[in-house]
1. Across region 353-362, which residue is nearest to residue 272 (Cα to Cα) among those that are surrounded by fewer than 24 Cβ atoms within 10 Å (Cβ to Cβ) and touching a residue at least 12 places away in the same chain (Cβ under 8 Å)?
2. If residue 365 meets every condition in (1) surrounded by fewer than 18 Cβ atoms within 10 Å (Cβ to Cβ); (2) touching a helix residue (DSSP H, G or I) at 6+ places or on another chain (Cβ under 8 Å) apart from one, which number is that one?
3. Hey, does region 292-300 have a residue that's assigned to a helix (DSSP H, G or I), under 30 Å from residue 75 (Cβ atoms) and either assigned by TED's automatic domain parsing to the domain that holds residue 135 or touching a residue at least 24 places away in the same chain (Cβ under 8 Å) (or both)?
4. Looking at residue 169, is it outside the structural domain of residue 268 (by TED's automatic domain parsing), surrounded by fewer than 24 Cβ atoms within 10 Å (Cβ to Cβ), under 19 Å from residue 342 (Cβ atoms) and in contact with a helix residue (DSSP H, G or I) (Cβ under 7 Å, 6 or more places away or on another chain)?
5. Pull up region 205-238, narrow it to residues that are outside any helix (DSSP H, G or I) and under 21 Å from the mean Cα position of the chain (by Cα), then point me to the one that is farthest from residue 340 (Cα to Cα).
6. Just one of (1) at pLDDT 85 or above; (2) crowded, with 16+ Cβ neighbours inside 10 Å; (3) farther than 26 Å from residue 62 by Cα trips up residue 388, so point out which.
7. Out of curiosity, is residue 101 assigned by TED's automatic domain parsing to the domain that holds residue 25, at pLDDT 90 or above and surrounded by 22 or more Cβ atoms within 10 Å (Cβ to Cβ)?
8. I'd like to verify a number: residues in region 15-37 that are surrounded by fewer than 17 Cβ atoms within 10 Å (Cβ to Cβ) and modelled with pLDDT under 85, how many?
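The values are calculated or read from the model by the stated rules, or taken from the named source; none is laboratory data. Given the structure is predicted, the values throughout are model-derived calculations rather than measurements. Every residue, glycine among them, receives a Cβ derived from its backbone with ideal geometry; neighbour counts consider all protein chains shown.
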């Protein structure tokens, strides 16, 4: 990958930056995902029920709605500064978990730790949007998103060894230490950049207005909202479905989770290999159509356990492919308010997750897993309508095809 030049004429090695930011993001994503498989250990240690301990996840996930408050900071003060602040937060509060002794302390510390992701992810995506040409940006951004799958495939098993040997706090402390190491690497590899004078002089409200006035911005956010909501409807129900329908135990569930992790990696890899050749708009469009097809097929494939798992793998593969293919497209819609628009999209995505987590269990309890899949398919159909009617191919991609 070629080097480009920053605003201070320091050469930026995209290859080195990508490797360092991928390492840092994998650390943060592992820290974000720890709570899900190890929630029973947290509950047992704190002397509360698993349902009570789940408040940690619920409160932390609500912070996703606050992401637009931080987007203009990256546009105003620079990507490097906000990336480093995010890593400091992860390091400080990851190590602080060692001193947690009650549920309310766990909620507070892990919620504050969650702000590291809110700051880091939009700044990372905006950094690549700033420094990688659009025709190559899809591959680079997709590789950067390998972190989510790496967290499941590599990070969580290693954390599991620590949790088994020294308790759940040790996993977070390790994340804190590694985040400090990532801070040093990012500080060394990413050059300092001058503050954007235009953004510094502009009120933060101006960043929001510029982002939302960008052509197609609201339509893309709406499609992402539906993509998240439909996936969450299945996500919150598949474990109960497999357990009640096929008698899956914890070991079997772990194997399914691992298979989903590899499916996510497959989606990321597919985007990295093909999105710049096929085109961002086309790949998202194809991903939405095929996502709808997998949701429709899932109830029929779920007549037996093996085909049901294959159906779930396809659902999560298509979800990840569509989501990651959309990132470079979104990053180009408002170049002068890039991070702000990304955080608005993240907020829409978080709202979709929240809605799906509420309606999903209700649909499942009232009508069963098949109904959950069909509702998800209907939501994806609406997302397809939005994408095909209101979102257009980038001119640069049209010209190159």
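1. This residue is 353.
2. So residue 365 meets the others, but not (2).
3. no
4. No.
5. Top of the filtered list is 237.
6. Exception for residue 388: condition (2).
7. no
8. Total satisfying the criteria: 1.
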